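Have a look at the structure below, then the notes.
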2 protein chains.
Amino acid sequence: MPLTLVSSQRLFEGWQKRYRHQAQSTACDMTFSIYLPPQTAQGKKVPVLYWLSGLTCSDENFSTKAGAQRVAAELGMALVIPDTSPRGDAVADDAAYDLGQGAGFYLNATQEPWRAHFRMYDYIVRELPELIEAHFPVTEQRAISGHSMGGHGALTIGLKNPERYTSISAFSPICNPCSCPWGEKAFAAYLGEARQEWEQYDATLLLEKLGVALPIKISQGSEDSFLKEQLKPEALLAVAKRVEVEVDYQLCEGYDHSYYFISTYIEAHLRFHHQHLLAS
Amino acid sequence: MPLTLVSSQRLFEGWQKRYRHQAQSTACDMTFSIYLPPQTAQGKKVPVLYWLSGLTCSDENFSTKAGAQRVAAELGMALVIPDTSPRGDAVADDAAYDLGQGAGFYLNATQEPWRAHFRMYDYIVRELPELIEAHFPVTEQRAISGHSMGGHGALTIGLKNPERYTSISAFSPICNPCSCPWGEKAFAAYLGEARQEWEQYDATLLLEKLGVALPIKISQGSEDSFLKEQLKPEALLAVAKRVEVEVDYQLCEGYDHSYYFISTYIEAHLRFHHQHLLAS
């Protein structure tokens, strides 16, 4: 699996790099970004935080706007930022921002025209970590986080694969996609009309079914315009209470859905993951 | 002079706001961003750092990518980020990225078709601070900084108006625009072929002529692809040595011209300005 270096830039004494590679799971070229903190220059292997981005994003939004590298450099963590879907002329797409390219929802599609390439679940859970761990100075310690659609991805992937991660966090996650417009539209397209197929990708339903073996931290802005209709943290929190799972949930007064919100709280999330990586 | 609020977002316990207003100096609508740190919520007036951006930028690049608000919130400074030129259908433009809209060079143009609107020097030095000080909880203490074309702007405006600022800093500034392709092209267009007209907008020539009454800090990446042909810090440093002016100049090994570079060193620049604002 050869990696093609797209760019390499210095920041916070480490290196922000973009790579392109031919992915098996999504059957197309994929681009990802990785931040290697300065500790790796001394040959040290560091743990990895996987960051899953939201609708319309590529690997660049978090890389340029969140300010996470400053904290990752201090703590000695690598950041891996995948794209949000397969891409390219040969990949199915839709004119809407919430379906198709840029809107992979971190699942394996079963329906036409999506199922050939839209296999982001396999890409994120298996293929990308294997690639990262084969090519970069990282340990097999992984944490996972994300925003909005990527918060949904981090929660569902973390809940289903607790042996692969030490902690999960999310900003403004889509908590109950089976019961919100974004989720219902995407799941119907990618997974078909049979709703029981959707349940494997719904954090609230997974938490009810599986419980949780991992620490979870969620931050949510109170002035997020998607909060009521799309994100529904109250559904997840109600289930967490019922199954007696502790979720470190913070409602952040006045904050919205943007990267300004993420940049304000990313340090707390990185320290949360660092603490659990250290303890693992 | 009424201000129209374009957006208001919370970050680092303060507020990032965008405004539009009808500017007299540039004879068109101008947009700027302002970060108001949390201290202003308690009615406190805070000093202002003016940030001048580089070619192709608007007020949004620095706002979203530099990570400056975190430090400004800690130190209690407002950040004012103007646009880089007049804009609009009625404003002259050029297809090139380094002339016309997005490339105002912080001067007052004297030539057609530019002179009606391209009066960024007057806008930055007088009109914008008057507006800011009339409408926001800020003191009349000002510092000035910028990047690339905006570093040129910060240096030239600071050198010519030492009574209006407490300190100047720049990232990767165009230090000697009279002797580099970007400067020669822009100055010929905006100011005409008479080179003596250009000298009032050249930091190296101004330093030679005026000396300096203000602390100056400059950061420059060693791997900046514009360093040799366009930026020429060695010209400024040679004059500084000759006129016995101290410039706090830092060559940052491995860094390029991007906002990744700025984000790494912005904290040091804000602390530099804060120290001189406190002392003033």
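All of the numbers you see were taken from the coordinates with simple rules; none came from a lab. Predicted model only: the values in this text are computed from it and were never measured. Cβ atoms come from the backbone with ideal geometry, glycine included; neighbour counts cover every protein chain shown.
Each eigenvalue of the Cα gyration tensor of the range B:1-89, multiplied by 5 and square-rooted, gives one semi-axis; in descending order these are 23, 15, 11 Å.
The range A:201-280: Rg/Rh from Cα coordinates, Kirkwood Rh? Intermediate results must be reported in sequence, preceding the final value.
On the way: Rg = 13.6 Å, Rh = 13.8 Å.
So for the range A:201-280, dividing Rg by the Kirkwood Rh gives 0.98.
Per-residue ellipticity at 222 nm from helix content only, as computed over chain B with -39500 (n - 2.57) for each DSSP H run of at least four residues, stands at -9000 deg cm²/dmol. Listed peptides A:253-263, B:40-50, A:173-183 appear in the order A:173-183, A:253-263, B:40-50 once ranked by packing, highest mean of other Cβ atoms within 10 Å at the front.
Shown here are the Rg and Dmax of the Cα trace of the range A:69-116, at 15.2, 45 Å. Evaluated on chain B, the Kirkwood hydrodynamic radius is 18.5 Å, with distances taken between all distinct Cα atoms. Built from the Cα atoms of the range A:42-196, the convex hull projects on average onto 9.6 nm², one quarter of its surface area.
For a straight C-alpha distance cut-off of 21 angstrom, the lysines reachable from B:Lys228 (same-chain residues fewer than eight places away being disregarded) are B:Lys185, B:Lys217, B:Lys241. Were the residues from B:Gln250 through B:Gln196 laid out at 0.36 nm apart, the gain over their Cα-Cα distance would be 16.4 nm. Just the number, please: percent antiparallel of the DSSP beta bridges in chain A, rounded to the nearest 5. DSSP beta bridges in chain A are roughly 50 percent antiparallel.
Each residue, B:Ala213 and A:Ala90, gets one label point 7 Å from its Cα in the Cβ direction; the gap between the two is 6.8 nm.
In the frame of its principal axes, the protein assembly as shown has Cα extents of 76, 49, 44 Å, reported largest first. This model, with +1 at the C-beta of Lys and Arg and -1 at the C-beta of Asp and Glu, gives the range B:127-181 a dipole about its Cα centre of some 240 debye. Using 1/(1 + (r/R0)^6) with R0 = 35 angstrom and r between the beta carbons of A:Leu278 and A:Arg242, what's the FRET efficiency to the nearest 0.05? Efficiency at R0 = 35 Å is approximately 0.65. Using a simple spin-label model with pseudo-atoms 7 Å out from Cα toward Cβ, A:Glu163 and B:Lys160 lie 7.0 nm apart. What is the range B:140-275 by shape, rounded, prolate or oblate, if you read a ≥ b ≥ c off the alpha carbon gyration tensor as root eigenvalues and call it rounded for a/c under 1.5, prolate for a/b larger than b/c, and oblate otherwise? Since a/c reaches 1.5 but b/c is at least a/b, the shape of the range B:140-275 is classed as oblate. Of all beta bridges that DSSP places with both ends in the protein assembly as shown, some 50 percent have antiparallel geometry.
Net charge dipole, the range A:111-235: roughly 100 debye, given to the nearest 20, about the Cα centre with Cβ charges of +1 for Lys and Arg and -1 for Asp and Glu. Global size of the range B:103-186: 13.5, 41 Å for Rg and Dmax (C-alpha atoms, Rg to one decimal, Dmax whole).
What lysines could a cross-link reach from A:Lys44, if we take a straight Cα to Cα line under 19 Å and drop same-chain neighbours fewer than 8 places away? In chain and number order, the partners are A:Lys17. Once you've got the GNM for chain B with C-alpha springs shorter than 10 Å, pick whichever of B:Asp98, B:Asp248, B:Asp122 has the biggest mean-square fluctuation. Taking springs between Cα atoms under 10 Å, the residue moving most is B:Asp248.
Any chance you could check the Cα centroid distance between the range B:210-260 and the range B:65-136 for me, in angstrom? Each part reduced to its Cα centre gives a spacing of 22 Å.
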